[in-house]
1. Can you give the translational diffusion coefficient of the chain in µm²/s, computed by Stokes-Einstein from the Kirkwood radius over Cα pairs at 37 °C and 0.692 mPa s?
2. Helix-only mean residue ellipticity at 222 nm, the chain, DSSP H runs n ≥ 4 weighted -39,500 (n - 2.57), per residue, nearest 500. What is it?
3. Is segment 1-148 rounded, prolate or oblate when judged by the Cα gyration tensor, a ≥ b ≥ c being the square roots of its eigenvalues, rounded requiring a/c under 1.5 and prolate requiring a/b larger than b/c?
4. Spin-label point model (7 Å from Cα, Cβ direction): what's the SER186 to ILE43 distance in nm?
5. Highest first, please rank the peptides 75-83, 247-255, 180-188 by the mean number of other Cβ atoms sitting within 10 Å of their residues.
6. Output the lone cysteines of the chain: those with no second cysteine's C-beta under 4.7 Å from their C-beta.
7. Please report the orientation-averaged projected area of segment 179-303, defined via the convex hull of its C-alpha atoms, in nm².
8. Of LYS25/LYS187; LYS25/LYS189; LYS134/LYS293; LYS25/LYS151, which sit over 24 Å apart, Cα to Cα?
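Every number in this text was worked out from the coordinates using simple rules, so none of it is lab data. All figures in this text were calculated on a predicted structure; none of them were measured in a lab. Neighbour counts are summed over all protein chains in view; Cβ atoms, including those assigned to glycine, are modelled from backbone coordinates with ideal geometry.
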Amino acid sequence: DKEGEKTLRSPICCIMGHVDTGKTKLLDCIRRTNVQEGEAGGITQQIGATYIPAENIRERTKELKADALLNVPGLLVIDTPGHESFKNLRSRGSGLCDIGILVVDIMHGLEPQTIESLNLLRMRNTEFIVALNKVDRLYGWKACRNAPIGKAMKQQSKGVKLEFDHRLTQIIAQFKEQGLNTELYSKNKERGETYSIVPTSAISGEGIPEMILLLVQWAQKTMIEKLTYSNEIQCTVLEVKVIEGLGATIDVVLVNGVLHEGDEIVVCGFQGPIHTTIRSLLTPHPMKELRVKGAYIHHKEIKAAQGIKITAQNLEHAVAGTALYVVGPGDDVKELKESVMDD
Ligand code: GTP
Ligand code: MG
Ligand code: NA
């Protein structure tokens, strides 16, 4: 119903998995951007955030004729690094999200950081789906650009289907060894008990429609409570960055509540609590990556869920991974300073 629609916030989805399984490339495919090719060594070294508005979700899933099922304002996707040295960033990303995408390279199966990511998601009881990526690398794959995977599979030769089935069976067995039941999404009748696998290609786009739809449907079906918008500020610092012309800035994920220009905030700092005033609230354009420098939109106020760049004085010693508090009327700054340092 229309009333209910207004009170839902966008689900936050974290994309995780072993290095080079195609996490950033999958987001590039959704955004129609080229972030991955701009990364040093093709390796993600920071957490990213991208807002995907509902209209883009509708456009990308329209072939699946599931339009009526969409009643969230959008989806906030958090990109994480897969390289083994960034476990803290994976942990930070997975700690923020409502739902996850665990990416597995179909040619490699489960790898060490696949299992690590899986355990991070399970530790927090986070629902997730598995993207079985790089299906275009199956020998003889016939590309069907951006098509639903159901449709693309029908176009494939017997040989491709056999190789696919063989690899899928192996990967389901590998998950089973980790104590996890998984099944191809189209055969999965026990969602919740059994995790869905969606075959994808980040290069030719097959399976992207199902991947997006499953995520949004699952979030709407199982976490309405959690996604009900609340005014209570819940905000985490993702990264601290010096930006030419802006000085020290913080990239934050606003999970709930509203931030305003001029809000007094308290964040954890390496040299003690930082008490400052929001000078500007910036976001990239929808479908653009927060961690990539580009044109920013200035906001007087902004509502959750969003990835936001905040400029303010004294942010250079802010500690990434900690909470941001807004000083409300009647709040005791001293108390907020103490709680922010306890994080
Ligand atoms: P990290 O963030 O560094 O962990 O890597 P990632 O998981 O984000 O993978 P990334 O997007 O950097 O992709 C790694 C490599 O795999 C790049 O060379 C991509 O072009 C390639 N790649 C990603 N997805 C696909 C796919 O679906 N098919 C094929 N053929 N190549 C892919
Ligand atoms: Mg990446
Ligand atoms: Na990479």
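1. 159 µm²/s
2. About -8500 deg cm²/dmol.
3. Oblate.
4. Rounded to a tenth, the inter-label distance reads 3.8 nm.
5. 75-83, 247-255, 180-188
6. Flagged as lacking a Cys partner: CYS13, CYS29, CYS144, CYS235, CYS268.
7. 11.5 nm²
8. Among LYS25/LYS187; LYS25/LYS189; LYS134/LYS293; LYS25/LYS151, the Cα-Cα distance tops 24 Å for LYS25/LYS187; LYS25/LYS189; LYS134/LYS293.
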